[in-house]
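To start, the structure itself, in structure tokens.
The values are calculated or read from the model by the stated rules, or taken from the named source; none is laboratory data. Here the structure is a predicted model, which is why all the values come from computation and not from measurement. All Cβ positions, glycine included, derive from the backbone under ideal geometry; neighbour counts span all protein chains shown. Just the protein is used for accessible areas: all its heavy atoms, side chains included, with ligands, DNA and RNA removed. Shrake-Rupley method; radii C 1.70, N 1.55, O 1.52, S 1.80 Å.
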Amino acid sequence: MHSHLTHVPSLSPSVGAVDILHAGLIPLLVLKLKTELDEIQELILDTLSNCLRVEASEALATGAITILKEKLKHSSAAIRSKAAWVLLEIGTHPEGKSMVCEEVIPVLVSLLEDTDPEVQASATGALMFATVKPQGRFSALGAEAIPPLLKLVAEETSKARLSAIKTLTMLAELPEGRKTLLDHTDTFQQCLNDPCEAVKRAAKIAISVIKWKPF
């Protein structure tokens with residue numbers, strides 16, 4: 001096990017995200033995802049998640065999106081969840097959003113129905129960032145994201161509830177999305193009783209966007 005760790009110098013806990021970026025280790029870490037053992041992949045994904053909060057262009061240049069897209073289909077729920085989380089971090093950067101939109105949205109939509117709640121939550125969070133851009137909304141609608149997102153909103157215990165509400169609110173800004181969601185306002189009404197203030201607030205906004213009329 002230790003022999004693997006020696007090949008991934010950035011995984012020492014004393015090394016910070018900025019140090020890793022300065023040392024130019026991001027491309028190495030991204031490529032290591034293809035070959036390392038599962039438990040090492042988990043460590044790499046955690047490290048990338050921290051680094052990509054700061055800067056994403058090196059990872060994008062190394063083809064991270066394609067590799068992470070494959071990891072979304074991994075047999076390990078931990079790896080699927082962490083890969084979605086790294087994509088979420090990539091999606092917070094302007095240059096990352098469009099790439100996530102184009103390549104990954106259909107896979108993220110399929111993960112909304114994953115059997116693991118952590119995977120669902122990570123995928124919903126990544127999808128939320130991807131749908132900030134209009135092209136992301138069109139892609140999500142095309143991938144039929146609304147039914148699984150509504151299911152997550154309806155589940156009171158879902159870790160993904162808040163992100164799902166916010167994603168649906170963005171989809172409701174498209175006429176086609178709003179038309180579909182008009183039949184489901186009761187799902188959002190139920191959220192007004194949620195103990196979490198952020199969920200209540202998001203549900204109120206969602207209802208007002210869905211019911212908006214242009215006149």
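What relative contact order, as a whole-number percentage, does the chain give when Cα pairs under 8 Å and 6 or more residues apart are counted?
Over the chain, the number comes to 13 percent.
Over every pair of different alpha-carbon atoms in the range 85-143, take the mean of 1/r and invert it; report that Kirkwood radius in Å.
Hydrodynamic radius (Kirkwood, Cα pairs) of the range 85-143 is 10.9 Å.
If you put +1 on each Lys and Arg Cβ and -1 on each Asp and Glu Cβ, how big is the dipole of the range 67-164 around its Cα centre, in Debye rounded to 20?
Here the range 67-164 has a charge dipole of around 120 debye.
By how many degrees, between 0 and 90 and to the nearest 10, does the Cα long axis of helix 117-130 differ from the longest principal axis of the chain?
Orientation of helix 117-130: about 80 degrees from the principal axis.
Straight-line reach from Lys32: which lysines fall under 22 Å, measuring Cα to Cα and dropping same-chain residues less than 8 apart?
Lys69, Lys71, Lys73, Lys82
If one computes P(r) from the Cα atoms of the range 17-99, what percent of pairs lie at distances over 19 Å?
Taking all Cα-Cα pairs of the range 17-99, the fraction more than 19 Å apart is 26 percent.
Quantify, in whole percent, the carbon and sulfur part of the accessible surface of the chain (1.4 Å probe; protein heavy atoms only).
After summing per-atom areas, the C and S share lands at 57 percent.
On a 0 to 90 degree scale, rounded to 10, what angle separates helix 94-111 from the longest Cα axis of the chain?
Computed tilt is about 70 degrees.
Can you compute log10 of I(q)/I(0) for the range 68-170 with the Debye formula, treating each Cα as one identical point scatterer, at q = 0.16, 0.24 Å⁻¹?
-0.55, -1.29
Given the C-alpha centroids of the range 123-202 and the range 37-103, what is the distance between them in whole angstrom?
23 Å
If you fit an axis through the alpha-carbon atoms of helix 38-52 and take the longest principal axis of the Cα set of the chain, what angle between them do you get, 0 to 90°, nearest 10?
70 degrees
Report, in deg cm²/dmol and to the nearest 500, the calculated mean residue ellipticity at 222 nm for the chain, where each DSSP H run with n ≥ 4 adds -39500 (n - 2.57) and the sum is divided by the residue count.
Result for the chain: -20500 deg cm²/dmol, rounded to the nearest 500.
Might you tell me the accessible area per residue for the chain, computed with a 1.4 Å probe and given in Å²?
In whole numbers, the chain has 48 Å² accessible per residue.
Mind computing the radius of gyration and Dmax over the alpha-carbon atoms of the chain? Å is fine for both.
18.3, 67
Check each of the GluC sites (Glu not before Pro) in the range 100-187 and keep only those in coil by DSSP with at most 16 other C-beta atoms within 10 angstrom; list them in order.
In loop regions of the range 100-187 (DSSP not H, G, I, E or B), the sparsely surrounded GluC sites (Glu not before Pro) are Glu113, Glu144, Glu155, Glu156, Glu173.
Can you compute the radius of gyration and Dmax for the range 122-191, using only the Cα atoms, both in Å?
Spelled out, the Cα radius of gyration and Dmax of the range 122-191 are 10.9, 30 Å.
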